[in-house]
Amino acid sequence: MGRPLDNKGSRSGIRSSIADYIRLHPGASFNNIRTIFELADGTLRYHLRYLEKRGQIETKPFKRSYFPTAALRERELSRTQQQLVHLIKEHPGMTQKELAWRTGSNRFTVRGNVAALVARELVTRIRLGREVHHFYRDPDELRRTRLLRLAALFLLDKIDEETYWEIRREMTRKG
């Protein structure tokens with residue numbers, strides 16, 4: 001059929017195809033995804049729940065529309081914050097002065113909004129000499145880094161197995 005699958009046609013191939021489609025079409029509806037992939041309702045629901053539990057996609061409450069995790073977080077930002085994230089993604093390493101000039105905002109507005117982005121872990125700051133440079137933090141990469149750190153703590157016997165699994169479950173719940 002017209003379903004985009006990997007060469008084996010496996011479940012993981014369908015799921016990765018669905019996740020890729022949602023990344024390319026944020027806000028895609030359940031019906032749209034079902035039509036594109038020619039899947040039964042129950043099958044699609046299963047794959048969407050799987051992706052949601054793994055933190056790859058999110059849905060808006062009471063709507064059957066799906067978003068990639070990072071895009072949804074960015075949609076909840078103010079217009080100025082969205083503009084700053086876009087600039088930082090396009091031009092990594094920009095300083096606060098450059099951000100203020102590019103956005104047409106004053107430096108105090110930029111400083112407050114960048115602080116909010118840092119708190120949400122979308123942006124990180126690195127000081128080089130007297131200048132502070134800003135870089136975008138990919139939420140998926142951040143999650144992988146946290147899981148690696150947790151595994152390292154377990155392997156170095158800094159935490160026991162029960163604590164490891166408890167923290168891991170909490171991390172996957174948060175996404």
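Observations on the model:
- Condition met for L77 (in a helix (DSSP H, G or I) and within 25 Å of R143 (Cβ to Cβ)): no
- Boolean, E98 is among the acidic types (D, E), surrounded by 14 or more Cβ atoms within 10 Å (Cβ to Cβ) and without any contact (Cβ under 8 Å) to a residue 24 or more places away in the chain: yes
- Helices (runs of 4 or more DSSP H) contained entirely in the range 81-157, each with at least 3 residues that are under 18 Å from the mean Cα position of the chain (by Cα) and basic (K, R): 139-155
- All positions within the range 22-57 that are in contact with a Pro (Cβ under 8 Å, 6 or more places away or on another chain) and closer than 25 Å to H86 by Cα: I22, R23, P26, Q56, I57
- Candidate set: the range 141-175, residues that are surrounded by 14 or more Cβ atoms within 10 Å (Cβ to Cβ) and touching a residue at least 40 places away in the same chain (Cβ under 8 Å); chosen: the one nearest to L99 (Cα to Cα): R143
- Looking only at residues in the range 27-70 that are surrounded by fewer than 17 Cβ atoms within 10 Å (Cβ to Cβ) and within 30 Å of L99 (Cβ to Cβ), the one that is modelled with the lowest pLDDT is K60.
The values are calculated or read from the model by the stated rules, or taken from the named source; none is laboratory data. Values in this document were obtained by computation on a predicted structure and should not be read as measured data. Quick reminder, even Gly has a Cβ in these numbers, built from the backbone with ideal geometry, and neighbours come from all protein chains shown.
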